[in-house]
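Colleague: Okay, here's the structure, questions in a sec.
The values are calculated or read from the model by the stated rules, or taken from the named source; none is laboratory data. Since we're looking at a predicted model, the values are computed, not measured. Here the Cβ positions follow ideal geometry from the backbone for every residue, glycine too, while neighbour counts run over all protein chains shown. Just the protein is used for accessible areas: all its heavy atoms, side chains included, with ligands, DNA and RNA removed. Shrake-Rupley method; radii C 1.70, N 1.55, O 1.52, S 1.80 Å.
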Amino acid sequence: MQVSSQYDIAGFHLSLLQAVSRNTTAFLGVIESETKKFVYVNKPGLQLFDFPDLEIPTDQLDLSFLQPLTESEINDIFYEVLQEGNWHCEMEFITRTGNDFWGKIVISPFVFEEKAFFFIHIEVTERSKVAEVKLAGERQKSGAFIDYATIGIVIGNMHGRIVRINPFALQLFGYEEYEVLGREIEMLIPTRFHDKHVGHRNRFVNRPQNRPMGSGMDLFAVRKGGQEFPVEVSLGTYTMEEEKFVIAFVSDITIRKNAEMEVKKLNDELEFKVVERTRQLTDVLKQLEESESELKKLLEREKELGELKSRFVSMASHEFRTPLSTILSSAYLVEKYDTTEGQPKRVRHIERIISSVTMLTDILNDFLSVGKIEEGKIVVRPSTFNLQEVLHQIIGDISSLLKPGQLIDYSHTGQEKVTSDLSLLRHVMINLIANAVKFSPEHTRIKVNTETVAGHFIIEVHDQGIGIAQDDLEHLFERFYRGSNAVHIQGTGLGLHIVARYIELLNGTITCESELGKGTLFTVKVPLMPSTEFADEAETKN
């Protein structure tokens, strides 16, 4: 077989060349000097370099297949040939499939039809023939193991080219033997991994060791038709005739991977069911906890109501006894003063009766207020009013409670008209000012200040009374709580609790600063509500 030529080598020269080519086992080839392309290679020469017995296009046969000669080395050789007339050397060659042999190469120049050519002759030396005999023996020994193994076996040289592949691997990848021999190992790997695999292969060649490939990773191979499949690969190295080879054992693990995926799917489904059941159980437990919490709250509220009733009965029996006794004794004495001279005494006892009835009314009102607050029946009803006028009115109403020598100083700064719930605020201001009068001694001054600033109005009540202990301050606004120094002074312990709850309904705050024997300062801060003045005017017009 000869390579197609674009040159007409005719007559005697062509006949002679063909005759010599047919009767030799050596490599005979002709290269055009200008293009460095072969224009002729004999059939034994192609076979020597493991080319198939087919017609090979000329443009596929350049000097690159004469490994290991590089282009630079070949250019130097051609230069020497032109200078000296010929060049010869014994060297090792590598075939297309990665096999190697020793041969003697002779290159000579000639000119035909005014074109320069080089004639190349390569003869296999005895050194290579001995090695080939030994290699054949070794191949025969290992051939049975490789050819009949039920696992894919691929052998490559240190250049990454396939030099042997067993039938099982051929069937696994879908190739014929001639299609893979001499090709790079990357042809069996998906294209997206080629670049990385070349780097891995070079590192393995530099530091070869027997090991599983890609430990802990998913590896994939590709069949001739392009179908990818998962594989398990073990790598090993061996040396034959001073040349190293890499052997790869390839197993198709598609069935195992499918089984693993099925197991994983079942595990995921089981895990999902466990998570779902756990969530349902958690929801049930949460509902039970919420039910338990609600039950505890109801029990605590029931207990609290029971304590409230008990304390009410205890307080009522104590607080009602004094005014009722006063009413009873005063009524009895009024009956005795039936003369004109006894009129002043009769009036005094009637006033005591009225005062006692008022006291009882206040106590009952406190209980009613607490009940309404607990039941959520208190509704905030905003209205616009003159804060200063309301305070003057309240101070006037309370003046009858002042002790001898007591005075109430009142001052106001800022806007006078405010919008809030007047009823709730009136109760708050009456309670705080009345308490200041009650807990302050005679001949003392009580200061009341009101101020409107930045969307709020502030009420301050400052007395010079008995004061409140620090331990009592944190319990001051609790129901029925009374300071340790106030137990001998009449009261229910509900007043400040009601005040604090009313302030809370108005979104305000109340603070208390006090020191025993030096007096107390209550500060109330309440946000202004939107004015109802224009709304009232519009309603009046309508």
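Colleague: Just add up the charged neighbours of residue 458: K/R +1, D/E -1, any other residue whose Cβ is under 11 Å from the Cβ of residue 458.
Modeller: So the surrounding residues net to -1.
Colleague: Could you check how much of the accessible area of segment 386-450 is carbon and sulfur, as a whole percent, using a 1.4 Å probe?
Modeller: Carbon plus sulfur share of accessible area: 52 percent.
Colleague: Between residue 399 and residue 445, what is the spin-label point distance in nm, taking each point 7 Å from the Cα along the Cα→C-beta axis?
Modeller: 1.8 nm
Colleague: Continuing with the same structure: With every protein chain present, what is the per residue accessible area of segment 168-261 (1.4 Å probe, Å²)?
Modeller: On a per-residue basis, segment 168-261 sits at 64 Å².
Colleague: For the pair residue 209 and residue 298, what calculated FRET efficiency results from E = 1/(1 + (r/R0)^6), where r is the Cβ-Cβ distance and R0 = 56 Å, to the nearest 0.05?
Modeller: The computed FRET efficiency comes out at 0.15.
Colleague: Provide Rg and Dmax in Å for segment 151-275, with only Cα atoms included in the calculation.
Modeller: Every Cα atom of segment 151-275 included, Rg and Dmax give 16.9, 63 Å.
Colleague: What does the net charge come to around residue 293 if you take all other residues with beta carbon closer than 12 Å to its beta carbon, with K and R at +1 and D and E at -1?
Modeller: Counting the neighbours of residue 293, the net charge comes to -2.
Colleague: Figure the gain on full extension for residue 80 and residue 381 (residue separation times 0.36 nm, minus the Cα-Cα span) and round it to one decimal in nm.
Modeller: Contour length minus the Cα-Cα distance gives 96.7 nm.
Colleague: Arrange the residues 417, 36 by how much accessible surface each exposes, largest first, with a 1.4 angstrom probe.
Modeller: 417, 36
Colleague: If only Cα atoms are counted, what is the Rg of segment 395-479, and what is its Dmax, in Å?
Modeller: Reported Rg and Dmax, both Å: 14.2, 39.
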